[in-house]
Amino acid sequence: MADDPKEQQPPPLGSAGEKPAAPGAAPAPPKPVAPPVPKAPPVGPAPLDNDLVKRYRARFGAAIREAVEDRKQAILVVEREHLAEIARYTHDEEKFNLLSDLTAVDWPKREKRFDVVLNLYSFTHNARLRLKVQAGAGESVTSVSGVWPTANWLEREVYDMFGIEFAGHPNLQRILLPEEWQGFPLRKDYDILTQDQAWVRENLGIESGQ
Amino acid sequence: MGAGEPGDRERAVAEEGSKNQTVENTLKAGPGTLLGADELILNMGPQHPSTHGVLRVKLKLDGERVAGSECVIGYLHRGVEKIAEHRTYQQFGPYVDRMDYVAAVSNGLGYCEAVEKLLGVEAPPRAKVIRTILTELQRIASHLLWLGTHALDIGALTPLFYCLREREEILKIFEKYCGARLTTHAFRIGGLQYDAYDTLEKDTERFCNDFHRRIAEYEELLTGNRIWIARTQGVGILSAEDAIAMGVTGPVLRASGVQWDIRKAMPYAAYDQYEFDVPVGKTGDTYDRYLVRMEEMRQSVRICMQAIQNIPAGPILGKVGKVMKPPVGEVYHAIEAPKGELGYYIVSDGTVQPYRVRIRPPSFVNLQAFDKMVRGHLVADVVAIIGTLDIVLGEVDR
Amino acid sequence: MPAALQATLEFLRAYAGPLIASLVIVAVLPLIAGYVVLVERKVMADMQARLGPMRVGPHGLLQPIADAVKLLLKEDIIPEKADFWIFWLAPLVSVTAAMLSMAALAFGPAFQIARDINVGILFVVGISSLGIFGIVLGGWASNSHYSLIGALRSAAQLVSYETAAGMALVSGLLLGGSLQIRTIVEEQARQGVWFIFLAPVAFFIYMVASIAETNRAPFDLPEAESELVAGYMTEYSGFRWSLYFLAEYANMIVVASVATTLFLGGWMRPFASVRWMGWVDFLPPLLALGVAGYCVYRAPRQPVPVQKLVMLGVAGLCALVALLLAVPLLLPAAFFLKAGIHGAFWFVAKVGAYIFVFMWLRFTLPRYRFDQLMRLGWYFLIPVSIVNVMALGVGLVLHWQYRVNLWLALGGTTLLTLLIALWLVWADRKREAEALQARGGPGTPAADSYAG
């Protein structure tokens, strides 16, 4: 169960009363509500090697680049070239038949700057699984809309916001932004104040306020 | 789904999907209508009384029968996900209320819990229970607004006003709790900012006791009404397999016969402490979706009644600092919002601002099933199906 | 020019009545329609737990006038691509037909509007159906898809329901033995029974069909707000739009008047033939007096002095009506006025009740879908109405030729009609269930649906 309720957190570093008072300072009144943040929270990515991962490794070998667990959630990083078969296997054999979400994350400093992220859910196992594919700028990712029809609009949105092409997508067009819009807003190099000035001028007849 | 040849079915679905999405191209030369007449292209929206906001639907009509459709969305796009990357975790809180603005409390709950998971903290029990009460009230309010507008779409004028009357009572509770009625920003990361006001339990109890009678009133107007049944039964049928394939969640999925509710499957807040049933439908038509939502309102009342019996004492805010720097990593947290699975996928790079916030909007994904549901039906059913999907365009477009 | 003058005088002498009547219709009907709208809004508000118009005048009493002024002053937009002349003409056709059909009606024995022509009912039904031309032409000329679909729906709907309504009217006419409005009412007075009791099925069919003909909910598909924005009226605005609106409400009054005349005893008082029920005569003046008293009671509570005055004015008006209704009862010398004044009261009251039922249905029922509307018309109403006419004819022949008791004969035939209607309902349900089955049918729950 990848999404179980959290196990008990270790107790915080100490209640306000036990805090070592700074020498010379007046004893601070104990704060009732907001004790200090735990310094080293026991959360963060860690390697994962459970049955599920073993099955994937056995079947796809090196195509499974990484298997990590973060906040008790399983993540598989897979090779871009093998996404189609892995998606098919995940859907048919592992029964992750609900594609909750498909999105992307931009890491401009990395060699392959995009992560395409698939959040999956299995009714059979009541478990979630996250598939990640890395794609460089200009590289296209295989569309999974043939496996999970939900992906149709979600991939269009990723294309709209990040400019990632999905090979084999039935209708890869912008979905939220106008078709003629220039630029991909959710890329990190697209500043929050950036706009397609020409589009705004032409279609709205105003000078952009930004 | 255990189908004999899943590959074939999926390919068929994909082909169907590709057809759906290229209406533009097929619009030009239709394969011939019933009487050999030209097809009519009706542009419904973005300004239309019953597209629930600024949805635009291009309908290809053969007479009054729908031969194809295409949804054009994005009129309300505000770039919420981009804004999130430029705000601190706390600052972004109020923004999520503006997505599904008729269920702001639910949105806030999802966001706060997602960030809490990312931080590795947990809200205290008292906060969890109060969150549950308010979220369930919000679910009732959202369903009430759906019921009223859905009935109005189908031509019943009166239920809307009854629904608004009851919704008003819920909004009054919100107002007493945090001062806001619609975009409440009721919760804080780590718990609550405000403790329950003195008569929260009493107000909720009074509402719940009253609501049983009210809901019977709506059912009297609609459930057995011959015209209502004729207008909703067999309209917009979505089979369980299609529903899962299209990714629809929430009452729409349950009406198709899949008993899946995140409150039960992966309990959050204080839902694991309470008893409630997850209603499911059989046929997945508009009438079943109506019945499922009606029953859900009853179950929400049940949860509220249990929750107010025993609100634990204690702090309302967990151990979070003023400066929130979640450790590097990512989390996906989903809750059962009134419209379906509302998920937050947050990536942290260890700074005070989220590196990426992805909001999985239930309305957006559910709307994708619209084309499948609407084909072969009449124009009048189009509005019934838009209504039954219960979309909020603020959330579809974000 | 004495010849011309003489000719004019001659003309006026011959046609003064109809001329005055036409002026009255044109001048008064909009006002009446406006107040019917106000009543509708108030009734709706009351059923929906709210107040309705409250701002213009006390309890919104002057709202119709404000609305009329607003509509007159609004910009009259004619879309660029519309067919100008037809767009311009279409509402006039609708409103003319509606007003013209009122001419043959009689609001009481003394208030014949224009002329009591010997084919009165036929005239009313025929002329009022012409209004559909305005709707179809307007919808076509607007050059909008919504308008076009609305117009098509309206045409199909009228064709389907006019048949049933006509058949229902024939049942009434068989009983009345005449097409002349006055004769029909007098026949009901002579027989001492309203025809609704002799032909209940016909009345029911006429009622349903007349709702559909006037495009009222649950049959308001031509202007279905949630689907077609405003149907054939989508592109109309301002005064032109209000003409359509006027036509709709005038049509409501027309169909209500026809139903009242034919089935509800026209201007007859309830229980007119029962001797000891004479006290019913005193109800109308007492009612008017009561309303006046209530207005006086409410007047001091109005927030603005002007509204207090208006409220008192309304009270005075009601008192005047009460006086008018009471005088023939109290003054033996004025007894000859009773038939006219009280007849008009009862007629208006019955028309009002009929329209109230229209409103009540509108706020209670959802809207039919177009195919369901057609199915109801063709599979149910038309067959039942035809059977009803035939059965009624048989019953009347039994009564006239074979001296069977009238009630026995008509009761038997009505029962027969009802049985056939039940069979039709059953057949329709079966057909519907089969259609549902064919369209996909109840699915089976997913095999691996997971309960959390």
Taking the condition polar (S, T, N, Q), over 21 Å from the mean Cα position of the chain (by Cα), modelled with pLDDT under 85 and crowded, with 17+ Cβ neighbours inside 10 Å, does B:N43 pass? no
Residue under question is A:L118, and the condition is that it be part of a loop (DSSP other than H, G, I, E, B), more than 7 Å from every other protein chain (Cβ to nearest Cβ) and among the aliphatic types (A, V, I, L, M); does it hold? no
Test B:D261 against the criterion of being within 13 Å of chain A (Cβ to nearest Cβ), closer than 21 Å to B:H143 by Cα and either over 18 Å from the mean Cα position of the chain (by Cα) or at pLDDT below 90 (or both), and give yes or no. yes
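I'm checking my understanding of the structure. Among residues of segment A:95-148 that are among the β-branched types (V, I, T) and closer than 20 Å to A:L186 by Cβ, which one is surrounded by the fewest Cβ atoms within 10 Å (Cβ to Cβ)? Working first, answer last.
So the first thing to find is which residues in segment A:95-148 are among the β-branched types (V, I, T), and the list is A:103, A:105, A:116-117, A:124, A:133, A:141-142, A:144, A:147.
Then keep just the ones that are closer than 20 Å to A:L186 by Cβ; that gives A:103, A:105, A:116-117, A:133, A:141, A:144.
On the way: A:T103: 25, A:V105: 19, A:V116: 23, A:V117: 22, A:V133: 27, A:V141: 24, A:V144: 30.
Checked segment A:95-148; the qualifying residue surrounded by the fewest Cβ atoms within 10 Å (Cβ to Cβ) is A:V105.
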Considering segment B:199-229, residues that are part of a helix (DSSP H, G or I) and facing another protein chain (nearest Cβ under 8 Å), and then whichever is surrounded by the fewest Cβ atoms within 10 Å (Cβ to Cβ), we arrive at B:L221
List every residue pair whose Cβ atoms sit under 8 Å apart, with the two residues 6 or more apart in sequence or on different chains, where the first one lies in segment C:16-37 and is assigned by TED's automatic domain parsing to the domain that holds C:M102 and in contact (Cβ under 8 Å) with a residue 60 or more places away in the chain and the second, anywhere, is in a helix (DSSP H, G or I) and surrounded by fewer than 13 Cβ atoms within 10 Å (Cβ to Cβ). none
Set B:T283, B:T232: member being β-branched (V, I, T) and crowded, with 24+ Cβ neighbours inside 10 Å: B:T232
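Look at B:E330 and say whether it is buried (at least 24 other Cβ atoms within 10 Å of the Cβ) and away from chain A (no Cβ under 12 Å).
Taking the combined requirement at face value, the residue does not satisfy it.
In segment C:1-36, what residues are within 19 Å of C:V357 (Cβ to Cβ) and surrounded by fewer than 18 Cβ atoms within 10 Å (Cβ to Cβ)? Step through it out loud before you land on a result.
We begin by selecting, within segment C:1-36, every residue within 19 Å of C:V357 (Cβ to Cβ); these are C:32-33, C:35-36.
Selection gives C:I32, C:Y35.
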Here is a list: C:L337, C:L398. Which entry is assigned to a helix (DSSP H, G or I) and more than 30 Å from C:L198 (Cα to Cα)? C:L337
Hey, which of the helices (runs of 4 or more DSSP H) in segment C:39-155, taking only ones fully inside, have at least 2 residues that are of a type in the set (S, T, N, Q) and closer than 21 Å to C:M252 by Cβ? C:84-102, C:120-141
Tally the residues that are touching a Phe, Trp or Tyr at 6+ places or on another chain (Cβ under 8 Å) and over 21 Å from B:E85 (Cβ atoms), restricting the search to segment B:342-366. 1
With the structure loaded, tell me whether C:F380 is within 13 Å of another protein chain (Cβ to nearest Cβ), buried (at least 16 other Cβ atoms within 10 Å of the Cβ) and either modelled with pLDDT of 85 or more or in a helix (DSSP H, G or I) (or both) or whether it fails that test. yes
What are the residues in segment B:71-117 that are hydrophobic (A, V, I, L, M, F, W, C), over 29 Å from B:L42 (Cα atoms) and surrounded by fewer than 18 Cβ atoms within 10 Å (Cβ to Cβ), if any? B:I83
When both residues are 6+ apart or on different chains and their Cβ atoms are under 6 Å apart, which pairs have a first residue that lies in segment C:342-368 and is at pLDDT below 85, and a second that is of a type in the set (A, V, I, L, M, F, W, C)? C:G343/C:W267; C:A344/C:F107; C:A344/C:F111
Would you please list the contacts, defined by Cβ atoms under 8 Å and residues six or more apart or on different chains, that run from a residue in segment A:144-170 that is within 8 Å of chain B (Cβ to nearest Cβ) to a residue that is among the aromatic types (F, W, Y) and outside any helix (DSSP H, G or I)? A:S145/A:F166; A:M161/A:F184
Can you tell me which residues in segment B:341-367 are at the interface with chain A (Cβ under 9 Å from one of its Cβ atoms), assigned to a loop (DSSP other than H, G, I, E, B) and buried (at least 24 other Cβ atoms within 10 Å of the Cβ)? none
In segment B:264-310, residue farthest from B:E201 (Cα to Cα) [restricted to those that are among the aliphatic types (A, V, I, L, M) and within 14 Å of chain C (Cβ to nearest Cβ)]: B:V280
Neighbours by Cβ (under 6 Å, 6+ apart or cross-chain): first from segment B:150-161, within 7 Å of another protein chain (Cβ to nearest Cβ) and over 17 Å from B:I215 (Cα atoms); second assigned to a helix (DSSP H, G or I) and of a type in the set (V, I, T): B:D153/B:V383
Wholly inside segment C:176-226, helices (runs of 4 or more DSSP H) that include 1 or more residues that are under 30 Å from B:D381 (Cβ atoms) are C:200-213
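Residues that are farther than 21 Å from B:L393 by Cα, at least 1 per element: which helices (runs of 4 or more DSSP H) completely within segment B:76-181 meet that?
Working: elements: B:80-84, B:89-97, B:104-119, B:125-153, B:158-178.
Counting at least 1 such residues, we get B:89-97, B:104-119, B:125-153, B:158-178.
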Are any residues in segment B:46-70 buried (at least 19 other Cβ atoms within 10 Å of the Cβ) and facing another protein chain (nearest Cβ under 9 Å), and if so, which ones? B:H48, B:S50, B:L61, B:E64
Residues that are within 22 Å of C:L283 (Cα to Cα), assigned to a helix (DSSP H, G or I) and over 33 Å from the mean Cα position of the chain (by Cα): does segment C:309-325 have at least one? no
Give segment B:285-322 a look and list any residue that's within 17 Å of B:T135 (Cα to Cα) and small (G, A, S), or say none. B:S300, B:A307
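The values are calculated or read from the model by the stated rules, or taken from the named source; none is laboratory data. Just so it is clear, the structure is predicted and the values come from calculations on it, not from any experiment. All Cβ positions, glycine included, derive from the backbone under ideal geometry; neighbour counts span all protein chains shown.
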